[in-house]
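Here's the structure, in structure tokens; my notes come after.
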Amino acid sequence: MKTGIFLTLIAILFISLSGCERIQQIITSDVSTSGATSTIKVGVIQPSGLAPSFTRGAELARTQINDAGGLLGMQVEFIVMDNQGDREFPNAAESVRIAKVLIEEIDVVAILGPLLSTNSTQVGPVVTELRRPIITGSSGEKVTSTGEFVFITVVPSSVQGMTTAQFAVDPTELNAKTAATIRQAGDVYSGAVADAFEANFQELGGELVASEVYQHGDRDFAAQLTKIQAAAPEVFLIAGFNPEIPLLAAQARDMDITATFIGTNGWDESDKLLGTLDDNTPLEGSYFTRGFNVESVSAPAFVEAYTAMYMEPPDGPSAWGYDAMSLLALAIKNAETLDPDAIRDTLAATTNYQGATAISHFDENRHPIKYVELYTIRNGQIELYKVVSP
């Protein structure tokens, strides 16, 4: 089994180094599709070019579990498959195809991922029809409504949008009276974040002065930013992904937009957020919600183990991956069976979980009840600003 673990680590390293190169499959040496259960097979849907730390976090949890004796007397084995390939962005149809392969051909007991809510909403009905639990790395609150076997471990985007709106209008914080937003067209997460922020900001007495849309892959935002410049908002929600986030921030500052930038967990790829621009001054003083609190009770052990394994500190996606695998393992251990229905029911009943993050329980929508962390960028570094109660 040591050989299997070594090969898996090499595969995970390949994800982190290959960027957008196609990753067909990453399988430990003892994968069998014959139906024999010598190991517990878990599928991972991981885009090759987006947040590879999700899989690295899950792999850390898997390694710890196996080193402690595994589950039900068996070792846990990952089958990692890429839903991006040569495409510029992870693909929903490919995510569905992969989910079917993982369940129908490889017979995994559960799936971790995908990351994007747009992908997860397409996979949800499939895994529910095929009756396999899935713990995604998505935050869209509508993701879990696609099937009773679907869970998320990230604070829902609606809660993040509400939290940032409250922070923006709070007289002791930003005390903003006007706001503008920009979202990525057609993306479930981006739309949900922007919708929640706009609704809550206006309900709290603020005025929405501009609401713009961009396409994934855009690099010129002059048309949208010209309208936002004319509206002169005090805060500017950028609900999207990297590298568009820092590029938007830089172009906004170049156009003399002085609004405070705010965002949510789509910002949480520190290497891309702070590695896209030659000078990160445009991002200075921004705020965003993040799915990982470095000061939580159980975080130090996770941070130490992750840093020792990968020689770099963890981020939000790594915490989501770690928690996804750890929660699945806890459910299997407590259910004392690999029956999918039993795993789902036990997972839904989980309380007082302490992993990379802390989860009080799952609500009726299989959303985690947990703290929301607000981070700021100060002196070119990401720092914890405050923790907001759930």
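See the values below:
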| read-out | value |
| --- | --- |
| Check on residue 165, closer than 30 Å to residue 96 by Cα, at pLDDT 95 or above and within 21 Å of the chain's Cα centre (by Cα) | no |
| Test set (1) aliphatic (A, V, I, L, M); (2) at pLDDT 95 or above; (3) outside the structural domain of residue 115 (by TED's automatic domain parsing) - residue 325 fails condition number | (3) |
| Members of region 192-238 found to be within 23 Å of residue 169 (Cβ to Cβ) and β-branched (Val, Ile, Thr), listed by number | 193, 209, 228, 235, 238 |
| Only listed residue being modelled with pLDDT of 95 or more, of a type in the set (A, V, I, L, M) and assigned by TED's automatic domain parsing to the domain that holds residue 138, chosen from 99, 51 | 99 |
| Among the residues listed as 190, 157, the single one being under 18 Å from the mean Cα position of the chain (by Cα), modelled with pLDDT under 95 and within 30 Å of residue 332 (Cα to Cα) | 157 |
| Some residue of region 205-214 being at pLDDT 95 or above, more than 24 Å from the chain's Cα centre (by Cα) and on the phi > 0 side of the Ramachandran plot | yes |
| Elements of type helices (runs of 4 or more DSSP H) in region 217-301, at least 2 residues being touching a Leu at 6+ places or on another chain (Cβ under 8 Å), outside the structural domain of residue 315 (by TED's automatic domain parsing) and buried (at least 19 other Cβ atoms within 10 Å of the Cβ) | 244-254 |
| Complete set of residues in region 302-316 that are surrounded by fewer than 23 Cβ atoms within 10 Å (Cβ to Cβ), assigned to a loop (DSSP other than H, G, I, E, B) and either under 18 Å from the mean Cα position of the chain (by Cα) or not assigned by TED's automatic domain parsing to the domain that holds residue 49 (or both) | 313 |
| Those residues of region 340-364 which are within 22 Å of residue 164 (Cα to Cα) and of a type outside the set (A, V, I, L, M, F, W, C), in sequence order | 357, 360, 363 |
| Qualifying residue in region 350-359 (condition: over 20 Å from residue 144 (Cα atoms), in contact with a His (Cβ under 9 Å, 6 or more places away or on another chain), in the same structural domain as residue 144 (by TED's automatic domain parsing) and not charged (D, E, K, R)) | yes |
| Check on residue 332, at pLDDT 95 or above, surrounded by 19 or more Cβ atoms within 10 Å (Cβ to Cβ) and not in a helix (DSSP H, G or I) | no |
| Residue within region 132-147 that is more than 17 Å from the chain's Cα centre (by Cα), of a type in the set (Lys, Arg) and over 25 Å from residue 386 (Cα atoms) present | yes |
| Residue selected from region 146-193 under the condition part of a loop (DSSP other than H, G, I, E, B) and aliphatic (A, V, I, L, M), by the criterion nearest to residue 218 (Cα to Cα) | 185 |
| Residues of region 296-343 satisfying the condition of being within 21 Å of residue 274 (Cβ to Cβ) and touching a strand residue (DSSP E or B) at 6+ places or on another chain (Cβ under 6 Å) | 316 |
| Of residues in region 64-96 being over 21 Å from the mean Cα position of the chain (by Cα) and in a helix (DSSP H, G or I), the one surrounded by the fewest Cβ atoms within 10 Å (Cβ to Cβ) | 67 |
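Residue by residue, here is whether (1) under 20 Å from the mean Cα position of the chain (by Cα); (2) under 26 Å from residue 264 (Cα atoms); (3) hydroxyl-bearing (Ser, Thr, Tyr) holds:
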| position | (1), (2), (3) |
| --- | --- |
| 299 | yes, yes, no |
| 318 | yes, yes, yes |
| 329 | yes, no, no |
| 333 | no, no, no |
| 342 | no, no, no |
| 356 | yes, yes, no |
| 360 | yes, yes, yes |
| 370 | yes, yes, no |
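The values are calculated or read from the model by the stated rules, or taken from the named source; none is laboratory data. Just so it is clear, the structure is predicted and the values come from calculations on it, not from any experiment. When we count neighbours, we look across all protein chains shown, and the Cβ atoms used for this are built from the backbone with ideal geometry, even at glycine.
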